[in-house]
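Colleague: Dumping the structure here so I can ask a few things about it.
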Amino acid sequence: SRLAAHLLKVDDNEHIELYELKGFVAEDLPGALQEIYAISRGTKCEQYMFSVSLNPPETESVPVEYFEKAIADIEAKLGLEGQPRAIVFHEKEGRRHAHCVWSRIEAEEMKAINLPYYKMKLQDVSRQLYFQYGWDLPKGLLNWQERNPLNFTLAQWQQAKRTGEDPQLLQKMFQDCWAASDNKASFEQALNGYGLYLAKGDRRGFIALDYRREVYSLSRWTKIQTKTLKERLGDPEL
């Protein structure tokens, strides 16, 4: 597969190690990824793999155990525990980074594991690891520090608890999507990146939906007035 070729491609002065294959019959990376594809053929899932790159700060010499903990934390956060996975290490000039690929297909039920808000959750894991190891936070993570200008209604807290999400992260995600957009299309694209979709509400106006069809009030979660929402997003009736 192209992914296997990419992960095993050797650049100048670079050492590559296939560190782990877990949950596969195959003993090489192309064979393992082919197994994931073969199992996915029994489902309608097109994005049957999930991969991450783990790049510690350039100034740090990071032991393998740190990578193993990061991968375990990601699995726990995203619900990928027990899934087949492959870990590849790249090392160049003494600096190591890793790639991990999981199968999203739950073999017993032949269903894909949903990964709602995965970008937000990966940022959360990254931030916690940076705090734990005392590393300086990069600018991209500084915005996610626990400043807490967020106030929640009881309904918001109950909704977050019901969906298993952190209300502070959930509200920050909605507010970030709004801040990063300037029209309906860009706001919808930003929401899509977190597994959310724009839809017409029962009343006039838009709502957001997740894969469970849980309804999120845009005015409540963005803290933007209904009039301002309508000015940017338009009328769903049109």
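Colleague: If the chain between Arg220 and Thr59 were fully stretched, how many nm would it gain, using 0.36 nm times the residue separation less the Cα-Cα distance? Before the final figure, lay out the partial values.
Modeller: Values: separation 161, 0.36 × 161 = 57.96 nm, distance 4.18 nm.
Stretched out fully, the Arg220 to Thr59 stretch lengthens by 53.8 nm.
Colleague: Can you tell me, using C-alpha contacts under 8 Å and at least 6 residues apart, the relative contact order of the chain as a whole percent?
Modeller: Working: 287 pairs, mean separation 35.6, N = 238.
So the answer I get is 15 percent.
Colleague: Select from Cys100, Cys177, Cys45 the residue whose mean-square fluctuation is largest in a Gaussian network model of the chain (Cα-Cα springs shorter than 10 Å).
Modeller: Per the Cα network of the chain with a 10 Å cutoff, Cys45 tops the list.
Colleague: Return the calculated 222 nm mean residue ellipticity for the chain, to the nearest 500 deg cm²/dmol, obtained by summing -39500 (n - 2.57) across DSSP H runs with n ≥ 4 and dividing by the residue count.
Modeller: -12000 deg cm²/dmol
Colleague: Sticking with this structure for a sec: If R0 is 30 Å, what FRET efficiency do you get for Thr228 and Tyr197 from their C-beta distance, rounded to 0.05?
Modeller: It comes to 0.90.
Colleague: Run the quick spin-label model on Gln47 and Glu108: label points 7 Å from Cα toward the beta carbon, then report their separation in nm to one decimal.
Modeller: According to this spin-label approximation, the distance is 2.6 nm.
Colleague: Next question, about the same structure. Identify all lysines with a Cα-Cα distance to Lys230 below 21 Å; exclude those on the same chain that are fewer than 8 residues away in sequence.
Modeller: List returned: Lys172, Lys184, Lys200.
Colleague: Something else now. Does a label point 7 Å from the Cα of Lys119, set along Cα-to-beta-carbon, have any residues of segment 188-205 with amide nitrogen under 15 Å, and which are they?
Modeller: 188-198
Colleague: Sticking with this structure for a sec: Assuming R0 = 35 Å, can you tell me the calculated FRET efficiency for the pair Ala180 and Lys69, based on Cβ-Cβ distance, to the nearest 0.05?
Modeller: It comes out at approximately 0.70.
Colleague: With equal scatterers on the alpha carbons only and no solvent term, can you work out the Debye log10 of I(q)/I(0) for segment 2-114 at 0.15 1/Å?
Modeller: -0.66
Colleague: Turning to a different aspect of this structure: For the chain, treating each Cα as an identical point scatterer without solvent, what Debye log10 I(q)/I(0) comes out at q = 0.07, 0.09, 0.10 1/Å?
Modeller: Results for the chain at q = 0.07, 0.09, 0.10 Å⁻¹ read -0.29, -0.48, -0.59.
Colleague: A follow-up question, please. So how do Ile74, Ile39 line up by other beta-carbon neighbours within 10 Å, fewest first? Display every interim value, and only then the final one.
Modeller: Details: Ile74 22, Ile39 18.
The most exposed by this proxy come first: Ile39, Ile74.
Colleague: Distance in nm between label sites at Glu14 and Asp235, each 7 Å beyond Cα in the beta-carbon direction?
Modeller: Output for this residue pair reads 5.5 nm.
Colleague: For segment 148-233, just the Cα set please: Rg and Dmax, both in angstrom.
Modeller: Taking only Cα atoms of segment 148-233, I get Rg and Dmax of 12.0, 32 Å.
A short reminder: the numbers here are calculations on the coordinates, not readings from a lab. In this text the structure is predicted, and so the values were computed from the model without any measurement. Here the Cβ is made from the backbone with ideal geometry for all residues, glycine too, and neighbour counts use every protein chain on show.
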